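One structure is given here, and the rest of the page talks about it.
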Amino acid sequence: MAQINKPIAVISGANKGIGFETARELIKKGYFVFIGSRDIARGEKARDEIGAQDSLVIQLDVSNQESINNAVVEILKHTDSIDVLVNNSGIGKASDRASKSDINDIKSTFDVNFYGPILLTQALIPLLRKGKEKNIVNVSSDLGSIGMNAYPEYKLFNNCYFGYSMSKTALNAFTVHLANELMSEGFKVNAVSPGYTRTDMNSGTGDKSANQAGQFVARIASLPPGNIPTASYFHEGGVLPW
């Protein structure tokens, strides 16, 4: 096993969008990054675009346990510890409101946005325990905030993203429970809302670039040990209500 003399991050859904930009920013900050991608070819294309030697592509479909297991085996060929996990993979579309949403759409969204981060985190906890930073970042959304969604002046009040919104609310709950469980071991577990970002998910209609969002996620993911709160829900303006 060749030794990697850098802090190590694993990012799911890192071949495009916010995950790609987060990978690029963490590499700039001196990290070695495992670029998780469902499609290896797309992952390699992303790595070529980043142009960094300090990265490797791993096939990773967070909705598939076998894919997660194989990704861990691949990571273990290079290291027995990691410092940062960014659960970035996500899907979502305008479906409908709560009384009309298709249950199969909701289930498929939860498979990636909620169950996927749980499965990947559980698989990588042993490696994170051996790392120095022990930092887990779950990429959420302000659509997951119950407090925001209950506020009539919220710009997306009564939106038609029910399945996506609920999956992020569930991810936020996972964040808090995991943070509380692992606090005594020095872990920092937080959710981030990168804002309404121009990505494939929304057909490029966001009000900020993927690079801006990636810089923010990378900033939270790379805060030095000892200076990071845990069980927090960050956005650019500070902290969101759960």
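The values are calculated or read from the model by the stated rules, or taken from the named source; none is laboratory data. Every value quoted in this text rests on a predicted model; they were computed, and no experiment measured them. Every residue, glycine as well, gets a Cβ built from its backbone with ideal geometry; the counts of neighbours run over all protein chains shown.
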Study note, to complete from the structure: Of (1) surrounded by fewer than 19 Cβ atoms within 10 Å (Cβ to Cβ); (2) farther than 21 Å from LEU128 by Cβ; (3) in contact (Cβ under 8 Å) with a residue 24 or more places away in the chain; (4) not acidic (Asp, Glu), GLY17 fails just (1)
Practice item. Scan region 220-239 and report the pairs whose first residue is free of Cβ contacts under 8 Å to residues at least 12 places away in the same chain and whose second residue is small (Gly, Ala, Ser) and surrounded by 14 or more Cβ atoms within 10 Å (Cβ to Cβ), with Cβ atoms within less than 6 Å and a gap of 6+ or a chain change. Key: VAL239/SER232
Revision key, fill the gap. Those residues of region 157-187 which are outside any helix (DSSP H, G or I), touching a Leu at 6+ places or on another chain (Cβ under 8 Å) and of a type outside the set (A, V, I, L, M, F, W, C) amount to ASN159, TYR161
Check your understanding: So which residues in region 32-65 are under 20 Å from ILE91 (Cα atoms) and among the charged types (D, E, K, R), if there are any at all?
Key -> ARG38, ASP39, ARG42, ASP61
Review point. Hey, among the residues in region 51-78 that are among the hydrophobic types (A, V, I, L, M, F, W, C) and over 22 Å from GLN3 (Cα atoms), which one's surrounded by the most Cβ atoms within 10 Å (Cβ to Cβ)?
Key: LEU60
**Study point:** Checking PHE174 against (1) of a type outside the set (Gly, Ala, Ser); (2) within 15 Å of HIS235 (Cβ to Cβ); (3) in contact (Cβ under 8 Å) with a residue 12 or more places away in the chain; (4) touching a Phe, Trp or Tyr at 6+ places or on another chain (Cβ under 8 Å), the condition it does not meet
**Key:** (2)
Point to revise | Matching helices (runs of 4 or more DSSP H) fully within region 103-156 where at least 2 residues are within 19 Å of GLY13 (Cβ to Cβ) | key: 103-110, 116-130
Check your understanding: Hey, among the residues in region 106-116 that are without any contact (Cβ under 8 Å) to a residue 60 or more places away in the chain and not small (Gly, Ala, Ser), which one's surrounded by the most Cβ atoms within 10 Å (Cβ to Cβ)?
Key -> ASN113
Review point. Does region 93-105 contain any residue that is β-branched (Val, Ile, Thr) and surrounded by fewer than 17 Cβ atoms within 10 Å (Cβ to Cβ)?
Key: yes
Practice item. Could you please tell me which pairs satisfy a Cβ distance under 6 Å, a separation of 6+ or placement on different chains, a first residue in region 26-43 that is closer than 19 Å to GLY131 by Cα and charged (D, E, K, R), and a second residue that is at pLDDT 95 or above and surrounded by 14 or more Cβ atoms within 10 Å (Cβ to Cβ)? Key: LYS29/SER222
Exercise for review: Scan region 212-227 residue by residue and report those that are touching a helix residue (DSSP H, G or I) at 6+ places or on another chain (Cβ under 8 Å) and among the aliphatic types (A, V, I, L, M).
Suggested key: ALA213, VAL217, ALA218, ALA221
Check your understanding: Given the residues ALA231, ALA218, ALA191, which is the only one that is at pLDDT 95 or above and either at positive phi or assigned to a loop (DSSP other than H, G, I, E, B) (or both)?
Key -> ALA231
